[in-house]
1. Could you pull the copy-to-copy label distances for residue A:219, with points set 7 Å along Cα to Cβ, in nm to one decimal and sorted shortest first?
2. Please calculate how many Å² of accessible area the range A:99-171 carries per residue, with a 1.4 Å probe and no DNA, RNA or ligand atoms counted.
3. Between residue A:123 and the same site in the other copies, what are the distances in nm, shortest first, taking label points 7 Å from Cα along the C-beta direction?
4. Kindly write out, for the range B:115-124 in residue order, the coupling ³J(HN,Hα) from the Karplus curve 6.51 cos²θ - 1.76 cosθ + 1.60 (θ = phi - 60°), rounded to whole Hz, with x marking Gly and Pro.
5. Taking every residue in B:43-52, how many Cβ atoms of other protein chains lie within 10 Å of its Cβ, on average?
6. Placing a label point 7 Å from Cα toward Cβ, how far apart in nm is residue A:34 from its equivalents in the other copies, listed shortest first to one decimal?
7. Taking H placed 1.01 Å from N in the peptide plane, check which residues at least 5 places from residue B:68 or on another chain put their amide H under 5 Å from its amide H.
8. So what is the 222 nm mean residue ellipticity for the protein assembly as shown from helices alone, if each DSSP H run of at least 4 adds -39500 (n - 2.57) and you divide by all residues, rounding to the nearest 500 deg cm²/dmol?
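The values are calculated or read from the model by the stated rules, or taken from the named source; none is laboratory data. Given the structure is predicted, the values throughout are model-derived calculations rather than measurements. Glycine gets a Cβ as well: all are built from the backbone with ideal geometry, and neighbour counts include every protein chain shown. Heads up: the accessible areas ignore ligands, DNA and RNA and are worked out on the full protein's heavy atoms, side chains in. Shrake-Rupley method; radii C 1.70, N 1.55, O 1.52, S 1.80 Å.
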2 protein chains.
Amino acid sequence: MRTHQAVSAWLEQELAAGRLAIGSRLPGERAMAEQLGISRASVREGTRVLEALGVVRAGVGSGPQAGTVITGNPALALDSALRLHVASAHLPVRDVVETRLLLETWAAAHASPDSPALARAALLLDEMDRHDDGPDGFLERDSLFHVALAEAAGNVLIGAMMGSLRGSIAAYTQRLTAGLPDWGATSDRLRREHRAILEAVLSGRGGTAAELVRSHIEGFYREAGVAQDASASPRQATLSPGMPEI
Amino acid sequence: MRTHQAVSAWLEQELAAGRLAIGSRLPGERAMAEQLGISRASVREGTRVLEALGVVRAGVGSGPQAGTVITGNPALALDSALRLHVASAHLPVRDVVETRLLLETWAAAHASPDSPALARAALLLDEMDRHDDGPDGFLERDSLFHVALAEAAGNVLIGAMMGSLRGSIAAYTQRLTAGLPDWGATSDRLRREHRAILEAVLSGRGGTAAELVRSHIEGFYREAGVAQDASASPRQATLSPGMPEI
DNA sequence: CTACGGTGTGTGGTCCTACCACACAAGCTA
DNA sequence: TAGCTTGTGTGGTAGGACCACACACCGTAG
């Protein structure tokens, strides 16, 4: 077993034993090095991994923001992992889109009408109406809107996945919108669809909401010229040399 | 931006530009340190992160297994991340089970009847019949069987998620089986259900397969005493002090 | 000429030490 | 009393040293 893994192994033990929980502060790097009988460099490698996985957050100085604190941010791990794997073309964009479709229709069908996340979603739609700052700003809010829907379904894991999935193909989506013939018309249509989806969720018509989401997403990709269904989108779109970096 | 992130940033650029791909070998740590203008310690921290995310694999010595090589193993990232987040109780077991149900029914519905993964699945079922090495061996093969189904659906991402989801709650499942009144009877039933699922997939009846998978999974949790549906399983089951470590 | 064995070289793995920037807290000073 | 200085502990980074490993090369013995 590699030395730096002693840190995550130790943390897992402490968590299981209930001696540590989210919000707890880990011992200082020097202290932990001595405690685990390894060098500080190894401790640091271990904490870097935990940080990348979204398990801890490290901060310098002193005070509440300082030290290494246990957080709970699964999205962080998914985020960076998906980005890199999509970039390496090991993860086809097609698979990501397909998965997104699956998770998102599920979320729409299971979203609780009285979830506070829906209020946030409504605010986002208002913002999208007020500000007309082009595709980029729109996509940003669009992404947040969809994530809010996922959260309304009350599943932390699916919410996190949703957000990361969006992030990992954000650049791809951006390129798609750039090729659109009439952004104004598309944006109008997307906004109308958003309203309809939200309304369906709020009135408890989950099945309808799921169907609306499906056609919303598939419609976008179809209009952007990625063939009829998601499963026909290019597998290697992100690997071609010269493409903007993901 | 933290220094060690220079490594993943650089890698992402190289991947996007097509100068690196899966299977490529990264420069040595010392060379990369000089090239990026950072210390070797920082390079190592960055590499550790990439390794944890399943993007690269590091090996000592020389030869084909040596050096830092770009791999493509999204499951690795999901695996460790989910384990720790479940351990920290930030990720309720309930959410994991729910997600598993979603992904798995989808996979069963979309599995291609002529996928080579199904042959592997069949072999696993044979093994489960031949060897009767108690719940542990059974669960191991059971897990592989379900992952094989996911792979037959042809979505790398969902396959990886499936596997990691199983892994993250493996210890939990193990405890459930331990509390079962009659393992022999349960195991017989599960095996019959497996056969039925595989048969449905092989004959192209995706909808049937999905329904069988759903009742297969829900039935198991019900029998194990976790209320009627997955969404009622305990949220904190893995955090209780004294429980076996996850 | 062939087969064996030592050695060279480059790899990641680990450790140690030193120094830096930061942020708060305590204490001193005007 | 208000403000500044200093102290202390934190993570962040750098550089150097040594180790174990695994292959490739080359000299030597047969």
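1. 4.1
2. Normalised by residue count, the accessible surface of the range A:99-171 is 34 Å².
3. Ordered by distance, the counterparts are at 5.5 nm.
4. 6, x, 5, 5, 4, 5, 4, 4, 4, 4
5. Average per residue, whole number: 6.
6. Once sorted, the set of distances for residue A:34 reads 3.8 nm.
7. B:26, B:59
8. Theoretical 222 nm ellipticity from helices: -21000 deg cm²/dmol.
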